[in-house]
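Asker: Sharing a structure, written as structure tokens. Questions coming.
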Amino acid sequence: MMTSVDARGEPVSGASDTAITLYEKALAQFQCYQGDPVATIESAIADSPAFVMAHCLRAYLFALATEVEAMTEARSSFEAAEVLNTSARERRHLAAIAEFLNGNWERAITALEDILIDSPRDALALQVVHLSDFYTGDARSLRDHVARVLPEWSPDDPGYHALLGMYAFGLEECGDYGRAEEVGRRATELNPQDAWAQHAVAHVMEMQGRQADGIDWMRGRERHWADDSFFAIHNWWHLALYHLDLDQIDEVLALYDGPIRKDRSQVMLDLLDASALLWRLHLRGADVGGRWKELADCWEPLAEDGFYAFNDAHAMMAFMADGRDKAAEAILTAQSKAMAGNASNAMMTNQIGHPVCNALRAFGRDDYATCVDLLRPLRSRLNRFGGSHAQRDIFDLTLLEAAKRDGQLALVRELANERVELKPSSPLNQRYREDAARRLAEISGAAVV
């Protein structure tokens, strides 16, 4: 068995020097969300078919796509690697991949933790566990999985910027905004093309309501994150949120029609962002023209997947906004099947995804009371089906608007009070509170008279 080491000194099996160079390039692309890591790692495999970690990297890239069809490619890479001679660390990677293939996210995370306990400089294990923490909505682990290994790394190590970018995002999701921004900015200084670190700082500014700072941060560094990046659309989405918070609807629609949907991407993350942006506009009563039809057309072939509850919710938004009742029903049927299984998604769907989708369907049917009744009990545990605070805010906004349309003005006032305390710079938050207070006062005055 041919054994060498990667750029951080971890032993790897079956790789030539050329293949290791290609592996490091693919890993760097994965860390920065740049280029085409799949094509790069396939070149490494073509050079060294017995390169176990190259097969593992390819398997992870597809397993983390949260798409049913991608799992076929993940399995093919797993099967190619499991017949090879492997080290103990490589067998642990295969064990983690097997859990992903079985839909057991928590077990996969445990397997990756075990790798990092003994090999804290395993950059691939850290990259994968970080994304897994995100998909399972575990804010503490987003922060602490990186904190555990950070002292074992040096700023001179290849990929050190990626650790800082991941740590920044974990700090932000745990509410430590000052440190998150400091660490995230440091990561972008080390590698300006680190799109994840760019987005971590964007999250800080979103949560703090620093819309002007956010626009400057994204526009001022656009050349670094907008080109040759498979994360660019998500970063454009962050820019759109700042403009939306400032009621700049024309800017939002220009971003939607431009970089966000100009290529009609059918990548899952891109579909999520498109639904999330249009639904926010939908809640405001904004006229989005025929944009929902194009997006719902992309979602409809996926309606019966029942693969990841967070995806289901965003598909439901498109179907209800475009009046596709049959597609909406297909989602609920697929979720019923998913809930009967033992995979991680069964729990996510049962506890969060299914009631959320029913709430969105109720909203689309103008049954706002049911929407409120379904969403209110979920508010404190929405993280259980993944996403970030910024992404999950759409469900709080849906609850707020449903309560307003149902005439539950006291609830609107209380929910708006929360939002104003956290983000007083948002005109939308202020408007909800002021409108509810005014209408309650009018009702009270009328009752007195």
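Asker: Is it the case that the stretch 205-215 has a residue that's part of a helix (DSSP H, G or I), open to solvent by 50 Å² or more (accessible area, probe 1.4 Å), over 21 Å from residue 29 (Cα atoms) and among the charged types (D, E, K, R)?
Answerer: Scanning the stretch 205-215 turns up at least one residue that is part of a helix (DSSP H, G or I), open to solvent by 50 Å² or more (accessible area, probe 1.4 Å), over 21 Å from residue 29 (Cα atoms) and among the charged types (D, E, K, R).
Asker: Also, quick follow-up: Any residue at all in the stretch 386-405 that is in contact with a His (Cβ under 7 Å, 6 or more places away or on another chain), in contact (Cβ under 8 Å) with a residue 24 or more places away in the chain, farther than 20 Å from residue 331 by Cβ and of a type outside the set (Val, Ile, Thr)?
Answerer: Yes, some residue in the stretch 386-405 is in contact with a His (Cβ under 7 Å, 6 or more places away or on another chain), in contact (Cβ under 8 Å) with a residue 24 or more places away in the chain, farther than 20 Å from residue 331 by Cβ and of a type outside the set (Val, Ile, Thr).
Asker: In addition: Identify all residues within the stretch 283-334 that are of a type in the set (Lys, Arg), in a helix (DSSP H, G or I) and farther than 22 Å from residue 252 by Cα; write none if there are none.
Answerer: Initially, the stretch 283-334 is screened for residues of a type in the set (Lys, Arg), giving 284, 291, 293, 324, 326.
When the remaining residues are screened for being in a helix (DSSP H, G or I), the result is 291, 293, 326.
Scanning the stretch 283-334 gives a single hit, 326.
Asker: Taking the options 263, 250, 325, name whichever one is in contact with a His (Cβ under 9 Å, 6 or more places away or on another chain), without any contact (Cβ under 8 Å) to a residue 40 or more places away in the chain and open to solvent by 50 Å² or more (accessible area, probe 1.4 Å). Give the derivation first.
Answerer: Details: 263 fails: in contact with a His (Cβ under 9 Å, 6 or more places away or on another chain); 325 fails: in contact with a His (Cβ under 9 Å, 6 or more places away or on another chain).
The match here is 250.
Asker: A further question on this structure: Please give the helices (runs of 4 or more DSSP H) falling wholly within the stretch 27-144 in which 2 or more residues are open to solvent by 40 Å² or more (accessible area, probe 1.4 Å), at pLDDT 95 or above and over 24 Å from residue 167 (Cα atoms).
Answerer: Details: elements: 37-47, 52-63, 68-82, 88-101, 105-118, 123-135.
The helices (runs of 4 or more DSSP H) meeting that bar are 37-47, 68-82, 88-101.
Asker: With 381, 392, 376, 405 as the choices, which residue is more than 14 Å from residue 283 (Cα to Cα), basic (Lys, Arg) and touching a helix residue (DSSP H, G or I) at 6+ places or on another chain (Cβ under 6 Å)?
Answerer: Values: 381 fails: touching a helix residue (DSSP H, G or I) at 6+ places or on another chain (Cβ under 6 Å); 376 fails: touching a helix residue (DSSP H, G or I) at 6+ places or on another chain (Cβ under 6 Å); 405 fails: more than 14 Å from residue 283 (Cα to Cα).
None of the others qualify; the one that does is 392.
Asker: Right, another one. Scan (1) within 23 Å of residue 285 (Cα to Cα); (2) at pLDDT below 95 for the single condition residue 206 breaks and write down its number.
Answerer: Only one criterion in (1) within 23 Å of residue 285 (Cα to Cα); (2) at pLDDT below 95 is unmet by residue 206, namely (2).
Asker: Would you pick out the residues in the stretch 226-243 that are open to solvent by 10 Å² or more (accessible area, probe 1.4 Å) and more than 16 Å from the chain's Cα centre (by Cα)?
Answerer: 226, 227, 228, 243
Asker: Do you know which of the residues in the stretch 25-49 that are touching a Ser or Thr at 6+ places or on another chain (Cβ under 7 Å) and free of Cβ contacts under 8 Å to residues at least 60 places away in the same chain is farthest from residue 11 (Cα to Cα)?
Answerer: Within the stretch 25-49, the subset touching a Ser or Thr at 6+ places or on another chain (Cβ under 7 Å) is 25-26, 29, 33-34, 47-48.
This time we only want the ones that are free of Cβ contacts under 8 Å to residues at least 60 places away in the same chain, so: 25-26, 29, 47-48.
Values: 25: 17, 26: 17, 29: 21, 47: 18, 48: 15 Å.
Here the residue is 29.
The values are calculated or read from the model by the stated rules, or taken from the named source; none is laboratory data. Source: prediction; values computed, not measured. Neighbour counts run over all protein chains shown; Cβ positions are idealised from the backbone, glycine included. Protein only, heavy atoms only, side chains kept; ligands, DNA and RNA dropped before computing areas. Shrake-Rupley method; radii C 1.70, N 1.55, O 1.52, S 1.80 Å.
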